[in-house]
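The values are calculated or read from the model by the stated rules, or taken from the named source; none is laboratory data. This structure is a prediction, so every number in the text was calculated from the model and none was measured. With ideal geometry, Cβ positions are generated from the backbone for all residues, glycine too; neighbour counts draw on all protein chains shown.
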Amino acid sequence: MALRSVSRKSLSLGQAVGHVRGLQSFSLPELPYDYGALEPVISGEIMKLHHQKHHQTYITNYNKALEQLDQALAKADSSSIVQLQSAIKFNGGGHINHSIFWKNLAPIRGGGGEPPKASLGWAIDTQFGSLEALIQRVNAEGAALQGSGWVWLALDKELKKLSVQTTANQDPLVTKGSALVPLFGIDVWEHAYYLQYKNVKADYLKNIWKVINWKYVSEVYEKENP
Amino acid sequence: MAFRPLLSRTLGLTQTLTHSHTQTQLRGLQTFSLPDLSYDYGALEPAISGEIMQLHHQKHHQAYITNYNKALEQLEDAVAKGDSSSVVKLQSAIKFNGGGHINHSIFWKNLTPVSEGGGEPPHGSLGWAIDTHFGSMEALVQKISAEGAALQGSGWVWLGLDKESKKLVVDTTANQDPLVTKGANLVPLLGIDVWEHAYYLQYKNVRPDYLKNIWKVINWKYASQVYEKECP
C-alpha cells in the first residue's frame, strides 16, 4: 500500500502491545519526474513548493504528532491521546493524500493524459457513459468544493463500483467510506494551483487531465479487480 | 450595520427592507454589490501586495457576491413555489457565498495603510479591554497569530466581542462561516482571512509570516469604533 513505500523504520524491532515501540518515522517520497516535467499544466514552481514545503510539512508534523502519541500512550494519558487525533488526521491525511497525488501525475511524454484502456476504461464507460462524462463530473465537483479539499475517483472494493467523491481539508478518501479505494485524487487546495491559475480553479481542473497518469490508476484498479 | 452600505437598490426606493415585500415573498429582491476599498490596492504594501489586494477584491470577493445574488434569486423562486427541497438545498450556497461577502466586507475595513494609522494600537476602551482580557496587546497578537497559523484548511481568525457578556474572545471559523456561527452574541471586531488566496502569491506556504506582518496594517481605529458602539 502507499504507506509502506514512504515509511522508514527507525528501529527494526517488533511492536509491543499497548504502545508504539519501534515508532516509524515517515519521510518525503521522491517524485518519479522533475519538478518542471508537468509544464505547462502545472508549473515547476508549484510542484517544488508543493512537494518540498507543503508535503514535507505534513510529514514533519505527522511524525511529531506520532511521537507525542507514543508518549501519551505510555502514560495512558487519554486526554492527550484524544487531543492528538486532530493533528494526526490532518497531517497523516496530508501525507497519505499527497503521496497518492504524485503518482497520479505523469509527464506527457511519460504517458500523462493517455486515456485508460482495458478494464478501467470499460468500467468508466459503463458507469459514467464516457471518459468525457467522468471528467466533467470530477471538474464540476472540484470546482464546487467549498474551501480546501480533494476530489477523488473512488472504487468501492466491495461493490466494485466507481464513484466521484470529495473530501474536506486533508481527510483521506477512506473517511467517506471504509470500502473506498482511491484511484486518483486531485488536490484543490489553493496552494495546488494559485501561483499559476490564480483564482481560476476551473482552468487548473481543465488542464490537469493532460498529466493524469491513467497507467498507475489502472494498476490500482486492476489490483482490486483482478 | 455593515449591510446598509453594501446594498444597491434595484428599485429607486428610499427604504430597502420595509418597502414592497410581503411576509411570504422576497419581493424587491436586494442585489448586493462589491464595496469600494477606501485605499488603493498598493497602499498596504509591503505587508500585503497590490497584486493580492486586487485579485482578492475584484475576483474572490466579487465571485462571492455574484454567487450570493444568484443563490438569493433561486431562493426567491423556490420560496414562491413552496419548493422546500430547493429552499433547503440552497442554504449551503447562501451560507458560503453570503458568508464570503460578509467576511470580506469586514476585512477591507479592518485594514488601512500605515499612513492612515494602520498598525497603531487601540487606545481608549478597547485598548483597556484587551489589556484586561489578554494581559497585553502583544499577548493578543500572539494568540490570534497562533490560532490563525494552526487553522486546518481555509478559514478566518477573529477578535470578537460577546455583546451580552461584554467579553473579548479570539475564535476561528472554517471556510466562509461568519463569526456569528460560533455564537449568536458574537460581534466581529477584527477578522483575518487565512485562506491561501489571502497570502500565497507573496508569502507562499509561510502563513506565519503573513500573520506576523499583517499587524502593521490593521485598522484598530475601526475595531475601536465597533467596540465602542456595543460598549458605550
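Checking A:GLN68 against (1) more than 14 Å from every other protein chain (Cβ to nearest Cβ); (2) part of a helix (DSSP H, G or I); (3) touching a strand residue (DSSP E or B) at 6+ places or on another chain (Cβ under 9 Å), only one condition comes out false. Which one?
Of the numbered conditions (1) more than 14 Å from every other protein chain (Cβ to nearest Cβ); (2) part of a helix (DSSP H, G or I); (3) touching a strand residue (DSSP E or B) at 6+ places or on another chain (Cβ under 9 Å), the odd one out for A:GLN68 is (3).
When you scan region A:118-226 for helices (runs of 4 or more DSSP H) that lie fully inside it, which ones turn up with 2 or more residues that are in contact (Cβ under 8 Å) with a residue 60 or more places away in the chain, more than 21 Å from B:SER92 (Cα to Cα) and within 14 Å of another protein chain (Cβ to nearest Cβ)?
Output list reads A:194-197.
Taking the stated definitions as given, is A:LEU13 assigned to a loop (DSSP other than H, G, I, E, B) and at pLDDT below 95?
yes
From the residues in region B:217-227 that are closer than 16 Å to B:TRP108 by Cβ and not aromatic (Phe, Trp, Tyr), which one is nearest to the other protein chains (Cβ to nearest Cβ)?
Among those residues, the one meeting the criterion is B:VAL217.
Could you tell me whether region B:90-100 includes any residue that is modelled with pLDDT of 95 or more, in contact with a Leu (Cβ under 7 Å, 6 or more places away or on another chain) and on the phi < 0 side of the Ramachandran plot?
So far as region B:90-100 goes, yes, one or more of its residues are modelled with pLDDT of 95 or more, in contact with a Leu (Cβ under 7 Å, 6 or more places away or on another chain) and on the phi < 0 side of the Ramachandran plot.
Within region B:106-126, can one find any residue that is more than 19 Å from the chain's Cα centre (by Cα), among the polar types (S, T, N, Q) and either over 15 Å from B:LEU189 (Cα atoms) or assigned to a helix (DSSP H, G or I) (or both)?
Within region B:106-126 (the criterion being more than 19 Å from the chain's Cα centre (by Cα), among the polar types (S, T, N, Q) and either over 15 Å from B:LEU189 (Cα atoms) or assigned to a helix (DSSP H, G or I) (or both)), the answer is yes, since at least one residue qualifies.
Kindly establish whether A:LEU162 is more than 30 Å from B:ILE52 (Cβ to Cβ) and either among the hydroxyl-bearing types (Ser, Thr, Tyr) or crowded, with 22+ Cβ neighbours inside 10 Å (or both).
Considered against the rule, which asks whether it is more than 30 Å from B:ILE52 (Cβ to Cβ) and either among the hydroxyl-bearing types (Ser, Thr, Tyr) or crowded, with 22+ Cβ neighbours inside 10 Å (or both), A:LEU162 comes out as no.
For every residue, the table says whether it meets (1) of a type outside the set (Gly, Ala, Ser); (2) more than 20 Å from A:GLN127 (Cα to Cα).
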position: A:VAL174; (1), (2): yes, yes
position: A:TYR193; (1), (2): yes, yes
position: A:ALA202; (1), (2): no, yes
position: A:LYS210; (1), (2): yes, yes
position: A:SER218; (1), (2): no, no
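Since B:ALA71 meets every condition but one in (1) under 19 Å from B:ASN110 (Cβ atoms); (2) within 14 Å of chain A (Cβ to nearest Cβ); (3) among the hydrophobic types (A, V, I, L, M, F, W, C); (4) touching a residue at least 24 places away in the same chain (Cβ under 8 Å), which condition does it not meet?
Of everything listed in (1) under 19 Å from B:ASN110 (Cβ atoms); (2) within 14 Å of chain A (Cβ to nearest Cβ); (3) among the hydrophobic types (A, V, I, L, M, F, W, C); (4) touching a residue at least 24 places away in the same chain (Cβ under 8 Å), B:ALA71 misses just condition (1).
Against the conditions (1) touching a Pro at 6+ places or on another chain (Cβ under 7 Å); (2) surrounded by fewer than 22 Cβ atoms within 10 Å (Cβ to Cβ), where does B:ASN205 fall short? Just the number, please.
With respect to (1) touching a Pro at 6+ places or on another chain (Cβ under 7 Å); (2) surrounded by fewer than 22 Cβ atoms within 10 Å (Cβ to Cβ), B:ASN205 is out only on (1).
State the number of residues belonging to region A:86-117 that are more than 20 Å from A:HIS54 (Cα to Cα) and either assigned to a helix (DSSP H, G or I) or at pLDDT below 95 (or both).
Number satisfying all stated conditions: 4.
Among the residues in region B:88-105, are any part of a loop (DSSP other than H, G, I, E, B) and not hydrophobic (A, V, I, L, M, F, W, C)?
no
Please find, within region A:79-101, the residue that is farthest from A:ILE186 (Cα to Cα) out of those that are away from chain B (no Cβ under 14 Å) and out of contact with any helix residue (DSSP H, G or I) (no Cβ under 8 Å at 6 or more places or on another chain).
A:SER79
Check whether at least one residue in region B:148-167 is buried (at least 17 other Cβ atoms within 10 Å of the Cβ), closer than 30 Å to A:ALA65 by Cα, in contact with a Phe, Trp or Tyr (Cβ under 9 Å, 6 or more places away or on another chain) and not small (Gly, Ala, Ser), and report yes or no.
Scanning region B:148-167 turns up at least one residue that is buried (at least 17 other Cβ atoms within 10 Å of the Cβ), closer than 30 Å to A:ALA65 by Cα, in contact with a Phe, Trp or Tyr (Cβ under 9 Å, 6 or more places away or on another chain) and not small (Gly, Ala, Ser).
Please state which of the following conditions A:VAL6 fails to meet, knowing it meets all the rest: (1) farther than 24 Å from B:GLN152 by Cα; (2) surrounded by 15 or more Cβ atoms within 10 Å (Cβ to Cβ); (3) modelled with pLDDT under 95.
Unmet for A:VAL6, out of (1) farther than 24 Å from B:GLN152 by Cα; (2) surrounded by 15 or more Cβ atoms within 10 Å (Cβ to Cβ); (3) modelled with pLDDT under 95: (1).
Residue pairs, Cβ under 9 Å, 6 or more apart or interchain, first in region B:213-229 and more than 18 Å from B:GLN142 (Cβ to Cβ), second at pLDDT below 95. List them.
Sorted first by the residue in region B:213-229, then by its partner, the pairs are B:SER224/B:HIS123; B:SER224/B:GLY124; B:TYR227/B:GLY124; B:GLU228/B:GLY124.
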